[in-house]
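Single-structure report; data block below.
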Amino acid sequence: MKVAVLGGDGFCGWPSALQLASEGHKVTVVDNLSRRQISEKLSAPSLTPIRPIQDRIAAAKNIGEIAFEYCDIARDYDGFKRVLATVQPDVVVHFAEQRSAPYSMLSSSERTYTVDNNVSGTNNLMSALVDLQLRPHIVHLGTMGVYGYNDDFGEIPEGYLDIEVLQTQKKVTIPYPGNPGSIYHLTKVLDHQLMQFYAKNWGFQITDLHQGIVWGTDTELTKSDPALMNRFDYDGEYGTVLNRMISQAQIGFPLTVYGSGGQSRAFIHIQDTARCVSLAAHNPPEAGQPVQVFNQVAEVHTVSDLADMISSKTGTKIGYLDNPRKEAAQNSLRVSNEGLRSLGFEPIRLTDNLMGEIEETVGKYADKLDKDVILSNARW
Ligand code: NAD
Ligand code: USQ
């Protein structure tokens, strides 16, 4: 297949692009390198010394067929359309969004940037495909946070809820109500609505992957050559909780648990992200169907469970902080991941061994860990 990977220079996109290329697909990475620029602006570069995109692409030739197109999919509609017309993709995997919740809540300019970038990028993709009369299978990276994190409706199903309407006693299936907790998460709710419309009106085949928090850094392929190394973020805005706490333990920084740590969240290892994206790419919904949703998650943990695990392993103290975010102090969360499992997904679980691998990677660059970027500047 010909696969366009939008946002393929990022943390999830790069290992997924390599995975697809290794399977024999002809991959084109499309990216505007904005993530690298934001890192510089925040003085928080990837801890791992990632190579320039040109070096990555050159090294990836040993894995498979992979090319790069520089393009801002949210702001350069004509350029993006030209790329899609040239590539003629069978599948478009869409990672190209501003993905940090705290970053999206920093101030008016980051709120506006996140909405413009994410929603326009998603709309431009489908709008250009309408103009070009192309209908590749679109695989969009969404997030578990579109559901909110509670079990008010029981186990979180995959995108849709079966309900009985009190007024009519009719049984109907509706898209699960959006309940985002940040401007970033809100953009994923808006993306989903846009995709439902394009599927209904123009017959697009779309899969939305509602992914949990990704942890880890390497996959088998990113490990195979230093030039293919994946990025690793631990700063207050872009680091995600488990990767952050593993990094903090390396330098004895008290583990930054927000509030009491009773927040339950869904997690997935980066290797599984790449595998699930490939599974999804190979399994489009029927044409004319609403958006297919898979919950791309392996397991659920509370923040305090993770902190306790790391603290008892490393002896690092836990530093409870006032929660800078507006979210439930504690919640229970049950999530179905039946869709991907039925396609063969066997989740990697968080084990001491795997945490050890990350500790080893972070340990190699421990002298580059900057205490000044650990705390988040966002409050909401
Ligand atoms: P990332 O920031 O590392 O990667 C995103 C990539 O998209 C970057 O390379 C960036 O330069 C590019 N990009 C952003 N806007 C663009 C634009 N307008 N035009 C072209 N390229 C653009 O983020 P990530 O962690 O790899 O996340 C990828 C996707 O997966 C995001 O959509 C995110 O919402 C979703 N996701 C991530 C996680 C996680 O824990 N990392 C969890 C759930 C969902
Ligand atoms: N948290 C801490 N301490 C920290 C950082 C976070 O206690 O140092 C807590 C947060 O308050 C939150 C939880 O840990 O309750 C998760 O926070 P996070 O920063 O790891 O993840 P989040 O902001 O939800 O966003 C990440 C990715 C985003 C993705 C989302 C998946 O950045 O792209 O969409 O995970 S999900 O959370 O399932 O919606």
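Data for the structure
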| item | result |
| --- | --- |
| Condition met for S109 (surrounded by fewer than 19 Cβ atoms within 10 Å (Cβ to Cβ), away from ligand 2 (no atom under 16 Å from the Cβ) and either touching a residue at least 40 places away in the same chain (Cβ under 8 Å) or assigned to a strand (DSSP E or B) (or both)) | no |
| Cross-chain or 6+ apart pairs with Cβ under 9 Å, segment 209-221 first and part of a loop (DSSP other than H, G, I, E, B) and open to solvent by 20 Å² or more (accessible area, probe 1.4 Å), then within 13 Å of ligand 2 (Cβ to nearest atom) and not hydroxyl-bearing (S, T, Y) | D218/I270 |
| Selection from segment 319-334 of residues that are hydrophobic (A, V, I, L, M, F, W, C) and buried (at least 16 other Cβ atoms within 10 Å of the Cβ) | L333 |
| Residues of segment 230-258 satisfying the condition of being open to solvent by less than 30 Å² (accessible area, probe 1.4 Å) and part of a loop (DSSP other than H, G, I, E, B) | N230, R231, F232, D233, Y234, D235, G236, E237, Y238, G239 |
| Selection within segment 12-45 - in a loop (DSSP other than H, G, I, E, B), in contact (Cβ under 8 Å) with a residue 24 or more places away in the chain and over 17 Å from D90 (Cα atoms) | C12, N32, L33, L42, S43, A44 |
| Residue satisfying condition, being within 16 Å of ligand 2 (Cβ to nearest atom), closer than 26 Å to Y238 by Cα and open to solvent by less than 10 Å² (accessible area, probe 1.4 Å), within set V139, V119, V189 | V139 |
| Residue in segment 269-288 that is assigned to a helix (DSSP H, G or I), open to solvent by 10 Å² or more (accessible area, probe 1.4 Å) and within 13 Å of ligand 2 (Cβ to nearest atom) present | no |
| Filtered residues of segment 289-313 (kept if closer than 17 Å to G145 by Cβ, open to solvent by less than 50 Å² (accessible area, probe 1.4 Å) and in contact with a Leu (Cβ under 6 Å, 6 or more places away or on another chain)) | F294, Q296 |
| Of all residues in segment 1-37 being within 13 Å of ligand 1 (Cβ to nearest atom) and among the hydroxyl-bearing types (S, T, Y), the one that is surrounded by the fewest Cβ atoms within 10 Å (Cβ to Cβ) | S34 |
| Residue list for segment 192-208, restricted to those being outside any loop (DSSP other than H, G, I, E, B) and open to solvent by less than 50 Å² (accessible area, probe 1.4 Å) | H192, L194, M195, Q196, Y198, A199, I206, T207, D208 |
| Qualifying positions in segment 112-150 - in contact with a Pro (Cβ under 9 Å, 6 or more places away or on another chain), hydrophobic (A, V, I, L, M, F, W, C) and assigned to a helix (DSSP H, G or I) | L129, V146 |
| Check on Y258, closer than 27 Å to W380 by Cβ and touching a strand residue (DSSP E or B) at 6+ places or on another chain (Cβ under 8 Å) | yes |
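The values are calculated or read from the model by the stated rules, or taken from the named source; none is laboratory data. What you are looking at is a predicted structure, and each value in this text was computed from that prediction instead of being measured. We place every Cβ from the backbone using ideal geometry, glycine too, and count neighbours over all the protein chains shown. Accessible surface is based on the protein model in full, side chains and every heavy atom, while ligands, DNA and RNA are left aside. Shrake-Rupley method; radii C 1.70, N 1.55, O 1.52, S 1.80 Å.
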